[in-house]
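**Q** Quick one: structure below, then a few questions.
The values are calculated or read from the model by the stated rules, or taken from the named source; none is laboratory data. Owing to the predicted nature of the structure, the values given are computational and were not obtained by experimental measurement. Here Cβ is always computed from backbone atoms with ideal geometry, including for glycine, and neighbour counts include all displayed protein chains.
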Amino acid sequence: MGRCALLAWEHAVEARPGGRIERPGVMTGHLLLGVLKEPACAGGLMLAKMGIDLPVVLAHTEFVMLHGRSVEGVDVATVDYAGVPHTRAARTVMELALDEAALFSATYPIGTEHILLGLLRVPEGIGCRVLGFFGVDEERARATRDEFWQILRVQE
């Protein structure tokens with residue numbers, strides 16, 4: 001993982017059990033909080049470029065994570081990712097983030113932009129649902145990422 005993604009993931013881990021937002025493991029909402037708390041990293045920059053008000057999305061995500069209720073009968077089993085319990089959806093996001101990073105380069109580390117795209121590929125997750133509430137979808141995020149990649153291809 002790149003520095004920004006590692007910081008975002010650490011924010012997500014800190015928000016889980018024993019942290020401010022008591023849940024059974026890292027959830028996709030925690031991962032979104034991590035991306036939002038690193039606004040100067042690629043994921044935050046992409047959202048800002050799309051006209052998203054990061055503090056407002058952060059507040060909404062925290063509200064949902066604090067006050068959202070589990071659906072009766074839904075198993076919130078956790079699986080291990082890097083020694084930390086994650087919901088299956090959150091682990092899937094991290095696996096998809098790795099796939100997204102490999103699209104840029106086989107050796108490119110996971111960044112917050114990849115976590116953002118992973119979140120948008122798991123529609124049942126809190127992260128995707130909150131982003132959708134603000135009009136962010138995978139197609140729009142990919143287009144913004146592609147613009148961002150063009151800037152990263154420095155000619156001078």
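**Q** Please go through (1) within 25 Å of E10 (Cβ to Cβ); (2) out of contact with any Lys or Arg (no Cβ under 8 Å at 6 or more places or on another chain) for F148 and return the number of the only condition it doesn't satisfy.
**A** (2)
**Q** Please go through segment 128-137 and pick out each residue that is closer than 20 Å to H30 by Cβ and of a type outside the set (F, W, Y).
**A** C128, R129, V130, L131, G132, V136
**Q** Residues in segment 110-131 that are within 16 Å of L58 (Cβ to Cβ) and among the small types (G, A, S): how many?
**A** Residues in segment 110-131 being within 16 Å of L58 (Cβ to Cβ) and among the small types (G, A, S): 1 in total.
**Q** Now, a different point. For a quick check of your reading of the model, give me the residue pairs whose first member lies in segment 85-98 and is aromatic (F, W, Y), whose second is part of a helix (DSSP H, G or I), with beta-carbon atoms closer than 6 Å and at least 6 apart or on different chains.
**A** none
**Q** Of all the residues that make up segment 106-123, how many are closer than 15 Å to V26 by Cα and in a loop (DSSP other than H, G, I, E, B)?
**A** 1
**Q** Failed condition for E72, given (1) modelled with pLDDT of 90 or more; (2) over 14 Å from W9 (Cα atoms), with all others met?
**A** Here E72 clears every test but (1).
**Q** Among the residues in segment 130-146, are any buried (at least 21 other Cβ atoms within 10 Å of the Cβ) and assigned to a loop (DSSP other than H, G, I, E, B)?
**A** Yes: one or more hits.
**Q** Could you pull out the residue among A97, A90, A141 that is touching a strand residue (DSSP E or B) at 6+ places or on another chain (Cβ under 6 Å) and either at pLDDT 95 or above or under 24 Å from I52 (Cβ atoms) (or both)?
**A** Of A97, A90, A141, the one residue that is touching a strand residue (DSSP E or B) at 6+ places or on another chain (Cβ under 6 Å) and either at pLDDT 95 or above or under 24 Å from I52 (Cβ atoms) (or both) is A90.
**Q** In segment 67-97, which residues are in a helix (DSSP H, G or I), loosely packed, with under 15 Cβ neighbours inside 10 Å and under 17 Å from the mean Cα position of the chain (by Cα)?
**A** Hit for segment 67-97 is E95, nothing else.
**Q** Within segment 99-125, which residues are more than 17 Å from G2 (Cα to Cα) and touching a residue at least 24 places away in the same chain (Cβ under 8 Å)?
**A** L119, R121, V122, E124, G125
**Q** Name the residue, out of L116, L103, that is surrounded by 14 or more Cβ atoms within 10 Å (Cβ to Cβ) and within 29 Å of D146 (Cβ to Cβ).
**A** Result of the check over L116, L103: L116.
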